[in-house]
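Engineer: Attaching a single structure in structure tokens format; questions to follow.
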Amino acid sequence: MAFLRRKKPSFEGGGLVLFEDVQDAMTAEKVLKEADYAVKLVAPPPELRKGCDLALEVNLVEQPGIERALKEKDAAYVGVAPLRVGTSQLLEIVKATDFGGQVMVKAGNMKLSFDKESGAIVNVSGGGCPDIPYLHSELVDKKLSEAPRPRDIGFTLCALMLDRALEECLVLWQGGGQR
Amino acid sequence: MMLIAGTVPIRDFPLTMGRAVLEGEDLVVEGRRIPCAQGTGAMISAALAAVDYLKLEAPQVLVAGDIGQGKGTREIYEYLIQKVGDISPQVMVLHYCLPVMALMRRLCESVQGCPRKVLMIADAGSMYAAKAAGLAQRFDIFTPDATEMAFLADPDATHPAYVARHLFDADTGRTPELVAAAYEHENAARLLLVKGATDYVVDGGDIVATVDEPDVPALEAVGGTGDTITGLVAAFVYAGLEPHEAAIVAARSNRMAGKFAQATPATRVREIIGQFHAVFKEYLCQWSGVCYTAGGQQ
């Protein structure tokens, strides 16, 4: 008679948190599980090994929220990297488009537009993670210098890219002599 | 039945399924209000505008609150994994969700058990999950923008923020090259509507149409105008147009609505959505052959 075993839902994260030593990895696992993140202790591939031979597989999309949770609990880690070898670094390309009265800054897949005269954020577009509509509602109509930072209240890579766009908008706005 | 599933940016909004109606500037589902703004709200609103004009049944929507931590995403996917066989929608649109590959894999397995073909459309985080999990070919329609097209073209990327630099270029002139790479690596749905300065409609790897008029550059800055295109495509497919026809009419309608609204980067997406009926009235018959008189469909 064959025994049927219910298959556990598989976990495919796409990202690794890397550590200096095993104890740090164990601590981080506990911190992230308590914060309700799906994680799995794994051995990192040799080319990603930066410290010990234990890493945490995480959902790469959740990188900003995961790093914030670790920092809040003073859990030491070396860095977060895409699991797939050959995957490139986080996009650094930022582009600005001048529409006359407004400027749109694009960072990766995210775009943030502000009014050149008032410095108010007039729109957020792009992205596909669930914190982006939330960030849209939190940022639009606020001044660039007074808006919450997406890296502080968002949780995903889309939020991280939006933060880069906001950072560039601040540079452009303040470079224009505004505060 | 058309089913639209996605998260809404309201913390603790419970998992809710029902028909959405527009009330003022909000959508209302089972007595709960959702802003008609960037994301699933804009997509549902656009689909509603089209089915309302075409006098079709309004879509069922499945929504849950999620501000990025994945709770609402998991509720939506677990519900669909269990129930999609019973619901058996003709058209299913998956939208803003935390990209979780394992959930997408389980949902695609459940869809395969449906008693009839489900026409599957994905955009936003659900498209990211489908591609990252190697399930793009299970889908009938993806609606990426130019940046997301680079993500589909990169076989190693699991999110558009981690795209190989040589593929990342906002210039839609590179779209044909990216489209070819995406199909080569089996990371594209059967039909792609690539949204950009020029919109590309791609069927099975072949570019069958481009749309670049009217040219309203400010639409790129208006949050939710990509979502409205997806909602329109879904509605037009549900109405019986072939996917490539639906994509062309959706792209034209969205641009024309932007023109009618005299869009600037400060325009809100609900102002664009508010123009759809006027656009359909003036152009839908000419563009699609779907024509109405005061008495009904011709």
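The values are calculated or read from the model by the stated rules, or taken from the named source; none is laboratory data. These numbers were taken from a predicted model, which means no experiment stands behind them. Neighbour counts run over all protein chains shown; Cβ positions are idealised from the backbone, glycine included.
Engineer: Checking B:Gln262 against (1) at pLDDT below 95; (2) closer than 30 Å to A:Ala120 by Cα, which single condition isn't satisfied?
Structural biologist: With respect to (1) at pLDDT below 95; (2) closer than 30 Å to A:Ala120 by Cα, B:Gln262 is out only on (1).
Engineer: Here's another thing I want to ask about it. What is the residue count in region B:178-226 for residues that are over 20 Å from B:Ala261 (Cα atoms) and free of Cβ contacts under 8 Å to residues at least 24 places away in the same chain?
Structural biologist: Selection size over region B:178-226: 6.
Engineer: Sticking with this one: Only residues that are touching a Pro at 6+ places or on another chain (Cβ under 8 Å) and at pLDDT below 95: list them for region B:36-67, please.
Structural biologist: Matches in region B:36-67: B:Ala37, B:Gln38.
Engineer: Moving on to the next point. Quick one: is A:Gln174 polar (S, T, N, Q) and facing chain B (nearest Cβ under 8 Å)?
Structural biologist: The answer is no for A:Gln174.
Engineer: Please go through region A:120-159 and give me each residue that is of a type in the set (Ser, Thr, Tyr) and closer than 18 Å to B:Thr40 by Cα, ordered by number.
Structural biologist: Result: A:Ser125, A:Tyr134, A:Ser137, A:Thr156.
Engineer: Of all the residues that make up region A:16-35, how many are at pLDDT below 90 and within 14 Å of chain B (Cβ to nearest Cβ)?
Structural biologist: 0
Engineer: Taking region B:138-172 only, how many residues are among the β-branched types (Val, Ile, Thr) and at pLDDT 95 or above?
Structural biologist: 2
Engineer: It is to be established whether one or more residues within region B:272-291 are within 14 Å of chain A (Cβ to nearest Cβ) and in contact (Cβ under 8 Å) with a residue 40 or more places away in the chain.
Structural biologist: yes
Here is a yes/no grid of residues against (1) of a type outside the set (Asp, Glu); (2) surrounded by 20 or more Cβ atoms within 10 Å (Cβ to Cβ):
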{"position": "B:Gln38", "(1), (2)": "yes, yes"}
{"position": "B:Ala47", "(1), (2)": "yes, yes"}
{"position": "B:Lys55", "(1), (2)": "yes, no"}
{"position": "B:Asp66", "(1), (2)": "no, yes"}
{"position": "B:Thr73", "(1), (2)": "yes, yes"}
{"position": "B:Gln82", "(1), (2)": "yes, no"}
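Engineer: Next question. Is it the case that some residue within region A:117-134 is in contact with a strand residue (DSSP E or B) (Cβ under 7 Å, 6 or more places away or on another chain) and of a type in the set (Asp, Glu)?
Structural biologist: No: region A:117-134 contains no residue that is in contact with a strand residue (DSSP E or B) (Cβ under 7 Å, 6 or more places away or on another chain) and of a type in the set (Asp, Glu).
Engineer: Which residues, counting only those in region A:86-122, are under 22 Å from B:Asp156 (Cα atoms), surrounded by fewer than 16 Cβ atoms within 10 Å (Cβ to Cβ) and within 7 Å of chain B (Cβ to nearest Cβ)?
Structural biologist: Listed by number, the residues that qualify are A:Gly86, A:Ile93.
Engineer: Here's another thing I want to ask about it. Assuming B:Thr175 fulfils every condition listed in (1) closer than 26 Å to B:Met1 by Cα; (2) modelled with pLDDT under 95 apart from one, which condition is it?
Structural biologist: (1)
Engineer: Would you pick out the residues in region B:1-47 that are more than 14 Å from every other protein chain (Cβ to nearest Cβ), part of a strand (DSSP E or B) and of a type in the set (D, E, K, R)?
Structural biologist: B:Arg19, B:Glu23, B:Arg32 - these are the residues of region B:1-47 that are more than 14 Å from every other protein chain (Cβ to nearest Cβ), part of a strand (DSSP E or B) and of a type in the set (D, E, K, R).
Engineer: Residues being farther than 15 Å from B:Tyr183 by Cβ, in a helix (DSSP H, G or I) and either among the aliphatic types (A, V, I, L, M) or more than 19 Å from the chain's Cα centre (by Cα) (or both): count how many of those fall in region B:131-153.
Structural biologist: Going through region B:131-153 one residue at a time, the tally reaches 2.
Engineer: Also, quick follow-up: Could you list, in sequence order, all residues of region A:140-161 that are of a type in the set (A, V, I, L, M, F, W, C) and either in contact with a Gly (Cβ under 7 Å, 6 or more places away or on another chain) or at the interface with chain B (Cβ under 10 Å from one of its Cβ atoms) (or both)?
Structural biologist: Hits for region A:140-161 are A:Val140, A:Leu144, A:Ile153, A:Phe155, A:Leu157, A:Cys158, A:Ala159, A:Leu160, A:Met161.
Engineer: Separate question: Residue check: is A:Glu67 within 14 Å of chain B (Cβ to nearest Cβ), in a strand (DSSP E or B) and either within 21 Å of the chain's Cα centre (by Cα) or surrounded by fewer than 21 Cβ atoms within 10 Å (Cβ to Cβ) (or both)?
Structural biologist: no
Engineer: A follow-up question, please. Is there any pair with a first residue in region A:57-85 that is under 17 Å from B:Ala157 (Cβ atoms) and a second that is part of a helix (DSSP H, G or I) and of a type outside the set (A, V, I, L, M, F, W, C) whose Cβ atoms are under 6 Å apart and which are 6 or more apart or on different chains, and what are they?
Structural biologist: From region A:57-85, the pairs are A:Val80/A:Gln63; A:Pro82/B:Tyr162; A:Val85/A:Glu47.
Engineer: Are there any pairs, at least 6 apart or on different chains, whose C-beta atoms fall under 6 Å, with the first in region A:1-26 and not assigned by TED's automatic domain parsing to the domain that holds A:Ala75 and the second part of a loop (DSSP other than H, G, I, E, B) and modelled with pLDDT under 75, and if so, which?
Structural biologist: The qualifying pairs do not exist here.
Engineer: Is there any pair linking a residue in region B:114-129 that is assigned to a strand (DSSP E or B) to one that is among the acidic types (Asp, Glu) and at pLDDT 95 or above, with Cβ under 6 Å and at least six apart or on different chains, and which?
Structural biologist: B:Leu119/B:Asp140; B:Met120/B:Asp140
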